[in-house]
Amino acid sequence: MNAANILFYIMSFIVLASALYVAASKHLVRSVFMFFVTLFALAGLYVLSLADFVAVTQIVVYVGGILVLILFAFMLSGRETLDVLQTENRSIWKINNLPAMLIVGLFFIILINVILQTNADHLGWITDSIKLKNNITNSGEMTANIGVNLMTRYLLPFEIVSILLMMALVGAAHLSRKEQQA
Amino acid sequence: MISLTNYLVVSGILFCIGLYVVLVKRNAIQILIGIEMMLNAAILNLVAFGKYDKVNNGGQMFALFAIILAAATTAVALAIILNVYRRYKTIDPDKVDQLKD
Amino acid sequence: MNLLTLLIFIPLLFGLLIVVLPSSLRNSYKYITLLAALVQLGISLLLYFQFKTGASYAGIDHESQFQFIQKLPWINLNLGGMGKMQIDYFVGVDGVSITLLVMSALVMVVAAIASWEINKNLKGFFVLFLILDMAVFGVFCSLDFFLFYIFYELMLLPLYFLIGMWGGARREYAAIKFFLYTLFGSVFMLLVMVGLYLSVKDPATGSHTFNMIQMMNPANYDAHSIFSTINHQTIFGFPARTVGFIVLFVAFAIKVPVVPFHTWLPDAHVEAPTPVSIILAGVLLKIGGYGIIRICVGIFPDVAVSGSFVLGLLGVISILYGALNALAQRDLKRMIAYSSVSHMGFVLLGIASLTTEGISGAVMQMVSHGFLSSMLFFLVGVIYTRVHDRDIYNFRGLGTLMPQFTVFVMIGFFASLGLPGFSAFIAEAFTLAGAFKSGSTNGLVPHWMAACGALGILLSACYFLWTLQRMFFGTERLKGGETWKHALKDINWREKSALIPLALMALLLGIMPSLVFGKINDSVIALVEFTKQYIR
Amino acid sequence: MAYHALAAVLLPLFAFVVNCFIKGKATGWVSTIAILLSAIVSIIVFNHTFNGGTIHLNRVWFTIGDTQLYAGLLLNNLSTLMLLLVNLIALPVHIFSMAYMGHDKRYGRYFTCLSLFCFSMLALVVVDNMVLFYAFWEMVGFSSYLLIGFWYKKEVAIQANKKAFIMNRIGDVGLLISILVIYAQYHTFDLIKLFGINGLISQSYIKDGLWIAPASSIPAAWQYIACGGIFLAVCAKSAQFPLHTWLPDAMEGPTSVSALIHAATMVAAGIFLLGRVYPMFNTAELDALAIIGCFTAFMAATIALTQNDLKRILAFSTISQLGFMVMAMGINAYASSLFHLVTHAFFKCLLFLVAGVVIHEMQHVKDENQLDIDPQNILYMGGLRKRMPLTFIAALIGGAALVGLPLTSGYLSKDGILIQAFEWSDTKSIGYKIVPIMMLITSWLTAFYVARLIFKVFFGKLRVLDVKPVVICHISDGGWQYRLPLILLSICCLFPVFSLNPLLYEQSWLFKAFTTADHLERMNIYHTIIPAGLNILSIVVIYFAYAVYVQERKMLPFAQNNWAFDFSYNQWYFNKAYNNIFVKPVLALGSGLFWFDRKVIDGFIQLLQNILLWLSKVADVLDRYVIDGFLHLLTAIVQYIGNFVRSFQTGRVQYYLLSMLAVIVAWFIFKTLI
C-alpha cells in the first residue's frame, strides 16, 4: 500500500460519494455544485493514472465550460423553474424508483461480473505493453507526445471534432436565441 | 501500482449512479448531469487503459475527444432544454411526450 | 289396421288436429282431447273383450302367444361385417298388459275431464297431454326394447313440461327433480339395452335384435356376449347379469317408486296440476311395475329369483315407510302421494314372491291403485281448484258443506285403505297371500316380510281415517272463513262424471276380481312357470 | 235351504241399495220390512237346518293361479243359530229405531247404514271361506264405524269411530295374517276343508319345532302367530283386553246402534270366530284365551262399578260378559260359550233398549227445560219406576238375566260357564284355580253394578230436581215402537225359551246342539254348590247395593276419593297408557321418518344433484375457459403482445431507457444462465 494507492482510494471515495449525493439530492443547485466535486475528483483520478493533460482538459472544459453553461442555463430559464424543481419532494426510496433501482442494481452486478471476469490487469495487450515497456511511467514527457500525436496521427479526427464543435456552438446559439415572431 | 480493476470498478459504480440519475430524475438538467457522469465514467476507463499505450496515446486522445464532444452535446442539450422550457413551461421529460404541439 | 297401433297413435292424430286448429277455437281443445281419450277407451275395451284367454294365449316368453301383434321392420341396416341391425316396430299384448291398457284408458278419460280446470296455454297443454297419452300406450304395448325405450323416453318430455309449465309454486324444482330422477334411470337403461342387443341373436335371422321376447330365451344369448347366460361375464367384478338387472330395476324402481328412489314423487305430485297428478299416479307408476314384471323379471329371471329377498325387502320398506310418512303429512296431496308409495310397495312385494297369487295381486294392485289414486288426486284437485289450499289443518267439517263430495272421499279413502268390496282389498290380500305362500313353497320371500307388509294395511287405516276425521267431520271451521264457505260448492256434474266411473270400477273389481284375474291368469301362470326353472 | 239363507242375507243388502237412492221415512220401512222378511226366512232356515247337518253351497268366484276361490254359504248349527240370532235382535232394534231416530235429520242415512250392517253381519255368519269371512268381518267394522260416527258433527263421536275402526283394524290385520298363514300352509281358504271333521287342521300337528300339514310344513312359531292373529281379531272385535278401549267410546253412537252392534251382534262376532276356528287351538293357546277372558271380565266389572254414564256401564258389562264367553271358549266350554252368547245378546240388547228409552225421555226433559245435564248420566235419574213401569220391568228382567238369577236365561248360561270353569281347573294345576275364583268374584261385582244401575235409575227420586226444582216432565214408556221390542226381548230373556228346566243348563236345547259328550253323567258337587252359592251371595250383594243407593246408608268402602275408585273410574288408565305407549310413538315415528325422508334421502338426492350441478359447472368452466379459453388465449396473447409493445411507446424518454436497460439486463441474465 503506497501513497498512490491511498490517494486513489480517497479520490474514488470522493467521486462516488459526491456522485451519490448528486443522485440523492433533491436540491438542484446543490447537486450541480456537488457535481463539480465529482469532476474535480475525477480529474485527480486521471492524474493518478498518469494522464495529466487529460486531467487539465477535464477541469478546463467541464468545470470551466459545461458546468458554467449549466448554471447559466437555468439561471436563464427563470426563477420559477427553480422553485418548482426545488420544492419537488421526492425520496429516492420511493416506490416509483424501485424499478430503476432494480434495473440499475442488476446492471451494476452485470458490470462488476464482467469486470471481474475480464481480469483487466492480465489482458494480453496489457501484459505485452508492459513487456515492451510501452506503458506510461511517471518519468516521461507525455504532454509533448500528445501534442505530436494530435498533429500527426489523430489529425483528421481532431479537425472533424473542431468542425463539430463549431457546428454545435452555432447550433446551440441558434436554438437558444429568443424566438421572434416566427 | 493501482490495479486496472480498481479503476474499472469505480467507473462501473459511477456509470451506474449516472444511469440511475438519468432514469429517475424528473428534471432535464439533472438528467444531463447524469449523462455527464456516465460519460466521465467512460473517460475514466479510457484514461486508465490509456496508461498502457505510450506510443500512440490512444486512450488519452479519445478521452480528450470525449470531453470536448461532451461539452458540445451539453451546449446543444442545454439549448434544447431552454427551448423546451419556453414551450412547455416544464423541463420534466415525462411531461414532454408530444412530438407535435 | 291393427287395433293396437290404432290405440297407440289415435292421440297423436287428435294432437295433430289440435295443432292445426287456430287458437280461436281453443275452447274445443278439451273436447277433442276428451274425444281422443274416449275413442281410446272404446278401442281398449274392444281389445279387452276380444282378448282370448287360455294356456295357449299366455304370452310372456312365447311370441306366438301374444295377441293383436303387429310387427313391421323399422330400422334394418346392413352393417356389413358387424352383421345386421334389426329394429322392429313390434307391438302386442298379453295378459299382463291388457288390463293395464284398459285401466290407463279410463284414467286418461278422467284426466281429460280433470283438464277442464286448465286455463292457460291450452294448445300446448293438450298437445303435450296427447303425446303423453300416446307414449304411455306405446310403452304398454311395445315388445321391441328399442321401441319401448323410445316411448319410455317420450313420456318424460311432455311430463316435464306439463309439470314445469302448468304446475304449482315450486313447479320448476319439482319438474327438474322428476326429470333428473327418471332420466338418471333411463340413461343407464339404455346401456343395458345396448348390451342386451349385442348379446342376443334372433335365431330366425341370425342378426342381433331388440326383440324382448327373444331376450327372454336363454338359448338366444351369444356364449361370449356380456349378458351371456352360460359364461358368467363380469362388469367391474360384479356378475354382468346382476348388474344389468340392478340397472333396469333401479330405472323402474324410480318410476314405481320404491324407497329410497321415491322423493321425486311427493314433489312432482304436489306441484303438478290435477290432470297430470292423475296421470302420474294412475298410469306412470304402473309403468314401473309393468317394467319390472315384463323386463326385469322377464329378461333376467335368474337374477330376479336370487334377488327376490332384496326386492321383497324394498317392497316392505316402501309399504311401511310410505305409510309412516303419510301419517306425518299436513298437505293432503302429499299425504296421498306418500300413500301411493306405500301402496305401490305391495306391487313390489307381490312380484318378489314370484307366486301366482303374488304376481296376480301385484297386477291387481296396479289396476286398483290406478283407479283409486286417480280418484284421490281428482278429489284433492276439487278442493284445490275451489280454495287453492290443501292443508289438512285448514279444513274442518267439510262433510256439512260438501256432502256428495264427502261421500266420494269416503269411498276413495276406504277403498284405498283396503276395505273389502273394493279392489284394493283383493289386491293387497292376494299380494300378501302370495308373499306368505312364497315363504312356504319357493322360499323366496320369508314369512315375516309378508307379516310386516300386513302392518301397512293398519297404518293406511290410521292416516286415512285421521284425515277423514280432521277434514270432513266435526263442526265446520275453515281457515278462509266465509269466502271459503262460498267457494266450497259441492261437486258438479263434470266432476261426478269423472268420479263415478272410478268408484264403480273400484267396486266392480272388488266384487268381481275375475274381470282382472280372468284375463291375466294364464300369463301369470306362464310367468311363474318361466321363473320356476331358476329357483333352486 | 241354502238359497233361503242367501235370501236372508241379501234382503238387507237390497234394502241398503234401495235406501241409497231414496230419502225420508220410507227408508225405515224398507229396512224394517227387509229385516222382518229376513227374520222370517231365517226362522224357516233354522227350523230346517238346525241339528240337521251341514249345508254347503258354493260357486267359483274367481281363479288365481291354479287356486280357485269360491264364494259360498256354509250352514251348520253355529251359523244357522247366528243367522237367526242376528235377525231376531235386529228386528226389534229396527222397530225401536224407527221411533228413536224419528226426529233425526239424517234418518235415511241411519237406516242405510243399519241395513249395510245387517247385511255384513248376516253374511259374516254364513260365508264358507276365510277371505269372505275377513271381508265381511271388516265390513261389519266399517258399518259400525259409520254408525258410531253417525252424528258426525260431534267431536267425541268421530274420535270414537276412528278409534274403533283403527283398533278393529289391528284385529283385522291379525286375522289377515293368520288367514294368510293358514293359506300358505294349507293352500285353501275353505272353512269346511280346514276346520271340518277330519279337516286339514286336524290332520296337522307340531313336531320338532315344525308345523306339519299334509301339504307343507313351516316353523311352529307360525302356528302360534296364526293363533295369535286370531286372538288379536277376537280381542279387537269382542273388545277383550288389550284392545277393549274402543267399545266404551263407541257408545257415542245412537243407543239403538249400541244395542244392536255393540252389545249383541258385532261384538259377538269374535266369539263366533273362535267357534268357527276352534279346532285350531292347542291346550296352551286355549289357556291363554281363558286367562285373557278372565282378566277382561274382572277388569271390566271393576270399571263398571264406578261409571256414571248409563251406556258406559252397560258397555263395560258387555266387555265383562264377552270376557266370560272368551274364557268359556278357553276352558273348553264351547257349548256354554255359545249359549251365553245367545242369551247375552238378548238381555244386553234389552238393557240397551231400556237405556235408550230412558235416555230418550231424559233428553226430552233436558230439551223441554233447557237444562245443562248429560241425559246419559245416572246421577240425574231416579224414581223412574213409577213413570215408566214397562221399561222398569224390562230392566228388571234384563238385569236379573245379566246377574244370572234363576228363572232367567242368564242363569242357565252363566252358571254353566262357572261350573265348567271349576271343573276345568280341577284338571289343571292349582294356580289355575284363580280363573274360576275370579269369575265368581266378577259375578258378584256384576250383581252389584247392575243393582246400582237399576236402583239409581228407577228408585229414589228424580235427581234432575236437584238441578232445577221445577221441571216439566212427560216421562213415559213411549209408543208401540218402544214397547214392542222391549216386550219381545224380555220374553226372550226368560228360561222357557231355552230350557224347560229352569235350573239345569245341560237340558237346554241350545246347549245340547253343540255338545257331543253327555254332561249329565258328570254331575258333581259343583253343579249344586256353585249356583246356590253364587245366587245367595248375589242377592246379598244386591241387598247391599239397595242399602247403599236406595236407603242411602253411608258405607265405608264407597268413599269416592280413594285410589281404587280413581283407578276404576278412569278405566284403569288404559286410554292414557295406549295414547302414550302406541299412538304418540307411532306419530313421532311418522314425523321422524318424514324428517328422514326430507333431510336424508332427499338431502342425499340434493347432494347428488348439487354434485351434478357442480360437475356441470366444472364442465362449463372447462368449456368456457379451457377449450374456448385456448382460442381466447391466442387472441389475448396477440393482443397482449400488441399492448405490451405499445406500452413502450409512451413517449417518455426515461421509460424507453429503462426498457432498453431491462432488455440488456435480461439479455445478460439470459446469456449467463444458458
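The values are calculated or read from the model by the stated rules, or taken from the named source; none is laboratory data. These numbers come from a predicted model, not from an experiment. Here the Cβ positions follow ideal geometry from the backbone for every residue, glycine too, while neighbour counts run over all protein chains shown.
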Review point. In the range C:384-413, what residues are within 14 Å of chain D (Cβ to nearest Cβ) and among the charged types (D, E, K, R)?
Key: C:Arg396
Exercise for review: Determine whether the range D:604-612 contains at least one residue that is closer than 25 Å to A:Val104 by Cβ and either at pLDDT 75 or above or assigned to a helix (DSSP H, G or I) (or both).
Suggested key: no
Review point. Right, D:Leu85: crowded, with 22+ Cβ neighbours inside 10 Å and part of a strand (DSSP E or B) or not?
Key: no
Review point. Restricting attention to the range C:461-496, which residues are touching an Asp or Glu at 6+ places or on another chain (Cβ under 9 Å) and either under 30 Å from D:Ala226 (Cβ atoms) or surrounded by fewer than 16 Cβ atoms within 10 Å (Cβ to Cβ) (or both)?
Key: C:Ala461, C:Thr475, C:Lys479, C:Lys485
**Study point:** In the range C:466-503, residue nearest to the other protein chains (Cβ to nearest Cβ) [restricted to those that are β-branched (Val, Ile, Thr) and assigned to a loop (DSSP other than H, G, I, E, B)]
**Key:** C:Thr475
Exercise for review: Determine if the range A:156-170 includes at least one residue that is assigned to a loop (DSSP other than H, G, I, E, B) and either of a type outside the set (A, V, I, L, M, F, W, C) or facing chain B (nearest Cβ under 9 Å) (or both).
Suggested key: no
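So if I check each of A:Asp121, A:Asp128, which one is at the interface with chain B (Cβ under 7 Å from one of its Cβ atoms) and surrounded by fewer than 17 Cβ atoms within 10 Å (Cβ to Cβ)? Before you say what the answer is, go through the steps one by one.
Values: A:Asp128 fails: at the interface with chain B (Cβ under 7 Å from one of its Cβ atoms).
Answer to the selection: A:Asp121.
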Check your understanding: Which of the following residues is within 26 Å of C:Leu455 (Cα to Cα) and either among the hydrophobic types (A, V, I, L, M, F, W, C) or without any contact (Cβ under 8 Å) to a residue 40 or more places away in the chain (or both): C:Ile254, C:Ile299?
Key -> C:Ile254
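Is it the case that some residue within the range D:147-164 is touching a strand residue (DSSP E or B) at 6+ places or on another chain (Cβ under 6 Å), more than 10 Å from every other protein chain (Cβ to nearest Cβ) and either surrounded by fewer than 24 Cβ atoms within 10 Å (Cβ to Cβ) or part of a helix (DSSP H, G or I) (or both)? Before the answer, list the steps.
Of the range D:147-164, the ones touching a strand residue (DSSP E or B) at 6+ places or on another chain (Cβ under 6 Å) are none.
No, there is no match, as no residue in the range D:147-164 is touching a strand residue (DSSP E or B) at 6+ places or on another chain (Cβ under 6 Å), more than 10 Å from every other protein chain (Cβ to nearest Cβ) and either surrounded by fewer than 24 Cβ atoms within 10 Å (Cβ to Cβ) or part of a helix (DSSP H, G or I) (or both).
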Review point. Restricting to the range C:247-299, what's the tally of residues that are touching a Ser or Thr at 6+ places or on another chain (Cβ under 8 Å) and under 17 Å from C:Phe145 (Cα atoms)?
Key: 4
Review point. Within the range B:21-42, is there a residue that is away from chain D (no Cβ under 14 Å) and over 13 Å from the mean Cα position of the chain (by Cα)?
Key: no
Practice item. Take C:Met366 and decide whether it is closer than 24 Å to C:Ile113 by Cα and either at pLDDT below 90 or buried (at least 22 other Cβ atoms within 10 Å of the Cβ) (or both). Key: yes
Exercise for review: Kindly check whether there is at least one residue in the range B:77-93 that is crowded, with 21+ Cβ neighbours inside 10 Å, of a type in the set (Val, Ile, Thr), within 21 Å of A:Ala43 (Cα to Cα) and modelled with pLDDT of 80 or more.
Suggested key: no
Review point. Are any of the residues in the range D:332-352 closer than 15 Å to D:Pro254 by Cα, at pLDDT 80 or above and among the β-branched types (Val, Ile, Thr)?
Key: no
Revision key, fill the gap. Filtering helices (runs of 4 or more DSSP H) wholly in the range D:392-500 for at least 2 residues that are buried (at least 17 other Cβ atoms within 10 Å of the Cβ) and among the charged types (D, E, K, R) gives D:409-427, D:434-458
Practice item. Test D:Met381 against the criterion of being crowded, with 21+ Cβ neighbours inside 10 Å and farther than 19 Å from D:Val450 by Cα, and give yes or no. Key: no
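Hey, among B:Leu8, B:Leu14, B:Leu69, which residue is farther than 20 Å from A:Ala17 by Cβ and of a type outside the set (Asp, Glu)?
Details: B:Leu8 fails: farther than 20 Å from A:Ala17 by Cβ; B:Leu14 fails: farther than 20 Å from A:Ala17 by Cβ.
Step by step, each of B:Leu8, B:Leu14, B:Leu69 is checked, and only B:Leu69 is farther than 20 Å from A:Ala17 by Cβ and of a type outside the set (Asp, Glu).
Here's the yes/no breakdown for (1) among the small types (Gly, Ala, Ser); (2) on the phi > 0 side of the Ramachandran plot; (3) surrounded by 24 or more Cβ atoms within 10 Å (Cβ to Cβ):
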{"residue": "D:Gln223", "(1), (2), (3)": "no, no, yes"}
{"residue": "D:Gly228", "(1), (2), (3)": "yes, no, no"}
{"residue": "D:His244", "(1), (2), (3)": "no, no, yes"}
{"residue": "D:Met251", "(1), (2), (3)": "no, no, yes"}
{"residue": "D:Thr255", "(1), (2), (3)": "no, no, yes"}
{"residue": "D:Leu274", "(1), (2), (3)": "no, no, yes"}
{"residue": "D:Tyr278", "(1), (2), (3)": "no, no, no"}
Exercise for review: Evaluate the range D:46-55: report whether one residue or more is under 23 Å from D:Thr27 (Cβ atoms), without any contact (Cβ under 8 Å) to a residue 12 or more places away in the chain and assigned to a helix (DSSP H, G or I).
Suggested key: no
Review point. Yes or no: C:Ser115 hydroxyl-bearing (Ser, Thr, Tyr) and more than 21 Å from C:Ser44 (Cα to Cα)?
Key: yes
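Condition first: aliphatic (A, V, I, L, M), under 30 Å from C:Phe66 (Cα atoms) and either touching a residue at least 40 places away in the same chain (Cβ under 8 Å) or crowded, with 24+ Cβ neighbours inside 10 Å (or both). Can you find one or more residues in the range C:306-318 that meet it?
Here is the first cut: in the range C:306-318, the ones aliphatic (A, V, I, L, M) are C:310-311, C:313-314, C:316-317.
With under 30 Å from C:Phe66 (Cα atoms) added as a condition, the list becomes C:311.
From what's left, either touching a residue at least 40 places away in the same chain (Cβ under 8 Å) or crowded, with 24+ Cβ neighbours inside 10 Å (or both): C:311.
Yes, the range C:306-318 has at least one match.
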**Study point:** the range A:43-59, subset in a helix (DSSP H, G or I) and within 7 Å of another protein chain (Cβ to nearest Cβ), residue nearest to B:Phe62 (Cα to Cα)
**Key:** A:Val54
Point to revise | Residue among C:Ala204, C:Ala240, C:Ala175, C:Ala219 that alone is among the small types (Gly, Ala, Ser), farther than 30 Å from C:Lys333 by Cβ and buried (at least 19 other Cβ atoms within 10 Å of the Cβ) | key: C:Ala240
Study note, to complete from the structure: All-but-one check, B:Leu46 against (1) under 20 Å from A:Leu16 (Cβ atoms); (2) at the interface with chain A (Cβ under 7 Å from one of its Cβ atoms), failing number (2)
Practice item. May I ask you to verify whether D:Ser337 is surrounded by fewer than 19 Cβ atoms within 10 Å (Cβ to Cβ) and within 28 Å of D:Ile230 (Cβ to Cβ)? Key: no
Review point. Do we find that D:Glu138 is at the interface with chain C (Cβ under 7 Å from one of its Cβ atoms) and crowded, with 24+ Cβ neighbours inside 10 Å in this structure?
Key: yes
Practice item. Could you check how many residues of the range C:436-458 are at the interface with another protein chain (Cβ under 8 Å from one of its Cβ atoms) and of a type outside the set (S, T, N, Q)? Key: 10
Check your understanding: Which residue pairs have Cβ atoms closer than 8 Å, lie 6 or more positions apart in sequence or on different chains, and pair a first residue in the range D:201-219 that is without any contact (Cβ under 8 Å) to a residue 40 or more places away in the chain with a second residue that is assigned to a loop (DSSP other than H, G, I, E, B) and loosely packed, with under 15 Cβ neighbours inside 10 Å?
Key -> D:Gln203/D:Pro214; D:Ser204/D:Pro214; D:Pro219/D:Gly209
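Please verify whether B:Gly18 is crowded, with 19+ Cβ neighbours inside 10 Å, within 14 Å of chain D (Cβ to nearest Cβ) and within 18 Å of A:Met11 (Cα to Cα), treating the condition exactly as stated.
Details: crowded, with 19+ Cβ neighbours inside 10 Å: yes; within 14 Å of chain D (Cβ to nearest Cβ): yes; within 18 Å of A:Met11 (Cα to Cα): yes.
Yes, satisfied.
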